[in-house]
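The values are calculated or read from the model by the stated rules, or taken from the named source; none is laboratory data. What you are looking at is a predicted structure, and each value in this text was computed from that prediction instead of being measured. All Cβ positions, glycine included, derive from the backbone under ideal geometry; neighbour counts span all protein chains shown.
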Amino acid sequence: MLSEQYRNIIDSSGKDVLSIKSLKESDYVTTTGRKLQQTFRNFNRNVHIFRNMFDWQQPQWNLQREEHPDYILIGWVGLTSHFEDIKKMANYEICS
């Protein structure tokens, strides 16, 4: 059974319906953490964790930190397909 919190996130565009169908019909599902593993197991029992393997020595992970006293800056790394998911969290401003 899906949690109430997850049901509130379901997207009315139909994207989530397709994602759930794909999870149900997959032979093998991978994810990066236990929370997603638990959620995906609602649809498929064969879910395995493959941890992200960032190379923390790469320069993009070691940038000089800047102070932002007027606002809170939240960094995010992910695919552009998750942009709509990020929008659901709160009002935000995109900075280039």
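Structure above, values below:
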read-out: Yes/no for residue 22 being among the hydroxyl-bearing types (Ser, Thr, Tyr), out of contact with any strand residue (DSSP E or B) (no Cβ under 8 Å at 6 or more places or on another chain) and either modelled with pLDDT of 95 or more or outside any loop (DSSP other than H, G, I, E, B) (or both); value: yes
read-out: Residue list for segment 20-58, filter: free of Cβ contacts under 8 Å to residues at least 12 places away in the same chain and farther than 22 Å from residue 78 by Cα; value: 21, 25, 41, 45
read-out: Per-region count, segment 43-96, residues touching a Phe, Trp or Tyr at 6+ places or on another chain (Cβ under 9 Å), modelled with pLDDT of 80 or more and of a type in the set (A, V, I, L, M); value: 1
read-out: Test: residue in segment 32-42 that is at pLDDT below 85 and among the charged types (D, E, K, R); value: no
